[in-house]
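The values are calculated or read from the model by the stated rules, or taken from the named source; none is laboratory data. Model, not experiment: these values are computed from the prediction. Glycine also receives a Cβ, built like all others from the backbone with ideal geometry; neighbour counts cover every protein chain displayed. For accessibility, only protein heavy atoms count, side chains too; no ligands or nucleic acids. Shrake-Rupley method; radii C 1.70, N 1.55, O 1.52, S 1.80 Å.
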Amino acid sequence: SLPGWDLQAFYRSAKDVGGDYYDIVEVDADHTAFFVADVAGKGIQGAMIMAMTRGITRSIAQGCVNLSSAWILSQVNKNLSRDLKPGSFVTAMCVLLDKKASTINVASAGHNPLVLIRQGRPACELVNPPGIALGFDKGPLFNKVIKDQTIPLRPGDRVVFYTDGVVEAMNPQRQEFGDKRFEAFCGAHSAETSSMLVDKLV
């Protein structure tokens, strides 16, 4: 709960346990970090890798003085990549909210784009700064590629981040929900509360 901000989250694992993750971390009095991530693979192995990712992410973000989402993800990659087997990787997005300035600083480690809907505009903006997944590289390439982007927010703007479990959900005919339908849904329901939007989406 952040005074003045309307937040809602939802998680459902594909199996009994899974490799998707979201978290909200208080960095300091003025900054809150939001994370969403997805391990390549499901089940026990995915859950164990995500548990490692969570521990590393929280230890780096809490009290962090370098207020850059790209820097946070670079430090997560530095520590996580040491213990991942070849072929294992994690996509992730870090969104660093500056509550006083009403801005978000966004970085993506190969993750789905963030959806931004401006107040009064039904069309979505997709925010996806460059980056590669955590674990592909132990540092030099990852640090060279990853960039962050700072976005001002105004009252009524909405930000939605997610994993591919949302857009790859299928109906009984095995048709995926898809990116375009998801983005159109977010735009059509942007004036509702976060709780209503999430409930209707689910």
If exposed means GluC sites (Glu not before Pro) lying in a DSSP loop and surrounded by at most 16 other beta carbons within 10 Å, then the longest stretch of the chain lacking such sites spans residues 1-167
With springs only between Cα atoms under 10 Å, which of Ala109, Ala29, Ala40 fluctuates most in a Gaussian network model of the chain?
-> Ala29
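Sum -39500 (n - 2.57) across every DSSP H segment of at least 4 residues in the chain, then divide by the residue count to get the 222 nm mean residue ellipticity, nearest 500.
Numbers: 6 runs with 59 residues, N = 202.
Helix contribution divided over all residues of the chain: -8500 deg cm²/dmol.
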Per 10 Å bin, what percent of the C-alpha pairs of region 10-80 does each bin hold, from zero upward?
-> 20, 49, 26, 5
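How long is the gain from Gln45 to Lys78 if the chain were fully straight, where each residue apart is worth 0.36 nm and the alpha carbon distance is subtracted? Display every interim value, and only then the final one.
Working: separation 33, 0.36 × 33 = 11.88 nm, distance 2.03 nm.
The Gln45-Lys78 span can extend by a further 9.9 nm.
Can you give the convex hull volume per residue for the Cα atoms of region 114-202, as a whole number of Å³?
Values: hull volume 10.6 nm³, N = 89.
Dividing the Cα hull volume of region 114-202 by its residue count gives 119 Å³.
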Using 0.36 nm per residue, how much length does the chain from Met196 to Gln119 gain when fully extended, once their Cα-Cα distance is taken away?
-> 26.1 nm
Note to self: Kirkwood Rh of the chain, Cα pairs, one decimal, Å, is 17.4 Å
Ala169 to Asp137: extension gain in nm, 0.36 nm per residue of separation minus the Cα-Cα distance?
-> 8.5 nm
Apply the membrane-span-like helix rule to the chain: whole DSSP H runs, Cα extent along the own long axis of at least 18 Å, mean Kyte-Doolittle hydropathy at least 0.0. List the helices found.
-> 43-61
Once you've got the GNM for the chain with C-alpha springs shorter than 10 Å, pick whichever of Gly165, Gly46, Gly120 has the biggest mean-square fluctuation.
-> Gly120
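Over all directions, average the projected area of the Cα convex hull of region 39-115 and note it in nm². Display every interim value, and only then the final one.
Working: hull surface 22.8 nm².
If you wrap the Cα atoms of region 39-115 in a convex hull and average its projections, you get 5.7 nm².
Using the crude model of +1 on Lys and Arg Cβ and -1 on Asp and Glu Cβ, and no other charge, please compute the dipole size for the chain relative to its Cα centre, in debye to 20. Kindly include the intermediate steps, with their values, before the conclusion.
On the way: 21 positive and 21 negative charges, 65 e Å.
Using only the charged Cβ atoms, the result is roughly 320 debye.
Would you mind telling me the antiparallel percentage of the DSSP bridges in the chain, rounded to 5? Spell out each step's value before the answer.
On the way: 36 of 37 bridges.
The antiparallel proportion sits near 95 percent.
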With each pseudo-label sitting 7 Å past Cα toward Cβ, what's the Lys144-Ser13 distance in nm, one decimal?
-> 3.8 nm
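Roll a 1.4 Å probe over the protein chains and send me the accessible area per residue for region 6-52 in Å². If you can, show how the numbers build up before the last one.
On the way: 2590 Å² over 47 residues.
Each residue of region 6-52 exposes 55 Å² on average to a 1.4 Å probe.
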